[in-house]
Amino acid sequence: MKSSRRFRALASRGNRIVDVVAYNREAWDRAVARGNPWTVPVGPEVIAAARRGEWEVVLTPTKPVPRAWFPPLAGLDVLCLASGGGQQGPILAAAGANVTVFDNSPAQLARDREVADRDGLTIATVQGDMGDLSVFPDGRFGLVFHPCSNCFAPDVRPVWREAFRVLRPGGVLLAGFGNPALYIFDDARAEAGELVVRHAVPYSDLTSLTDAERRRYTDACEPLCYGHTLDDQLGGQLDAGFVLTGLFEDRDPTHPLAKYLPAFLATRAVKPAQGPAPGGPSETVRGRE
């Protein structure tokens, strides 16, 4: 199985080979320049509130992650995985965590450094592909916070395996991702409010679209997306060794599917410690709180 770090595939511009990780890096750098909402840093008032213990962060479009899902943050080593943009990382740092933000986009990472410089936070930033965390040793972190972003990875299973490896025993993975139902519809018609089933899952912008349709995104340097199965999203976490201890769903109010289905999921998973496995009698399975 290829890792996303080495993935090469044909994009839309003739037969030119495109490095998908490099392409999406440029696409997200441009998204920062365009002011995409997920690239706009939080304000100083949000950081001040987090320092007082008043904070919330999201893994999915709108619903805050339950505070009970988090380990105690004071002094905790946290990896914000594919989570640049000056939002979640700075908030968790202001709440007391030792935060490292890892992202493919230099411009996204620059947003986190902007907030850190503005508000006197200590945040480490590392550029790289979410499917290759070899820059970090085994057991480096107590929490991996991974908001909706693995739709930009051709293969999500290496992401789960690497998250498991860099977590210490008893560490927590908090992850958000799209329901594969998001990807079965004709995108252009969905933007017009019409849901027309067209694509099979797993979905890929590289193979599920015509060349003309793909150029609609690549000519505008929009990121290339992938719709992963629940077998890879949920089963992939389990196969990596995690124990799932919480799940909730969320809706994107801007998408017509929200009228019918909460099309995003968030999960809480634990890397088992020695002794009784998390998720057994000693650990409560948590849903929305």
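Projecting the Cα positions of P253, L79, W38 onto the charge dipole of the chain (unit charges on Cβ atoms of Lys, Arg, Asp and Glu, taken about the Cα centre) puts L79 furthest along the positive direction. Ordered by the number of other Cβ atoms lying within 10 Å of each residue's own Cβ, fewest first, T100, T62, T245 fall into the sequence T62, T245, T100. The local environment of V42, defined by Cβ-Cβ distances under 12 Å, has a net charge of -3 under the rule Lys, Arg +1 and Asp, Glu -1. Working from label points 7 Å from Cα in the Cα-to-Cβ sense, the A212 to A68 distance is 5.3 nm. Loop-resident trypsin sites (Lys or Arg not before Pro) (DSSP state other than H, G, I, E or B) in the stretch 46-113 with no more than 10 further Cβ atoms inside 10 Å of their Cβ: R52.
Only Cα pairs under 8 Å and 6+ residues apart enter the sum, and on that basis the relative contact order of the stretch 27-105 stands at 34 percent.
Were the residues from S134 through V40 laid out at 0.36 nm apart, the gain over their Cα-Cα distance would be 31.0 nm. Over what distance in Å are the Cα centres of the stretch 68-116 and the stretch 188-244 separated? Taking the Cα centre of the stretch 188-244 as reference, the centre of the stretch 68-116 is 26 Å away.
Scanning residues 5 or more positions from G86 or on other chains, those with amide H under 5 Å from its amide H are D112, with H placed 1.01 Å from N in the peptide plane. Fewest-first ordering of L76, L230, L224 by other beta carbons within 10 Å of each residue's beta carbon gives L230, L76, L224.
When the charge dipole of the stretch 94-186 is built from unit charges on Cβ atoms (+1 for Lys and Arg, -1 for Asp and Glu) and taken about the Cα centre, the candidate among V172, T100, F145 whose Cα reaches farthest toward its positive end is V172.
Bear in mind that the values in this text are calculations on the coordinates, not laboratory data. Quantities reported herein were computed from a predicted structural model and do not represent experimental measurements. Note that we place each Cβ from the backbone using ideal geometry, even for glycine, and neighbour counts take in every protein chain shown.
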